[in-house]
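Take a look at the structure set out below.
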Amino acid sequence: MKTYNVSLVRSYVVTIEAEDKEKAGDYAEFFIGDCYDISTSKDRQANNFLIEEIEPTINEAIDIEEINK
């Protein structure tokens, strides 16, 4: 078999409760892992937010390059 590097672009719609718009954006960017919430209960309590839902909207391979081993 051959080996490839695949560059992906992923996009999500994140439904989040937070104190304001800027914090909602910051928390969504920082605490979203591989399509799951990586925040801990301590993070949520200390920063006063709750990620309610993460919906994948785009999952597209934008570049595929064969690797010669």
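The values are calculated or read from the model by the stated rules, or taken from the named source; none is laboratory data. Everything quoted here is computed from the prediction, not taken from an experiment. Cβ placement follows ideal geometry from the backbone for every residue including glycine, while neighbour counts extend to all protein chains displayed.
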Condition first: modelled with pLDDT under 85 and charged (D, E, K, R). Can you find one or more residues in the stretch 30-45 that meet it? yes
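Look at residue 11 and say whether it is among the small types (Gly, Ala, Ser) and assigned to a loop (DSSP other than H, G, I, E, B).
Taking the combined requirement at face value, the residue does not satisfy it.
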All but one of (1) acidic (Asp, Glu); (2) assigned to a loop (DSSP other than H, G, I, E, B); (3) surrounded by 11 or more Cβ atoms within 10 Å (Cβ to Cβ); (4) within 12 Å of the chain's Cα centre (by Cα) hold for residue 19; which doesn't? (4)
Is it true that some residue in the stretch 41-59 is surrounded by 12 or more Cβ atoms within 10 Å (Cβ to Cβ) and touching a Pro at 6+ places or on another chain (Cβ under 9 Å)? no
Close pairs (8 angstrom Cβ cut-off, 6 or more residues apart or separate chains): assigned to a helix (DSSP H, G or I) in the stretch 40-67, among the basic types (Lys, Arg) anywhere: 47/23
Inside the stretch 31-41, can you point out the residues that are within 8 Å of the chain's Cα centre (by Cα) and hydrophobic (A, V, I, L, M, F, W, C)? 31, 32, 35
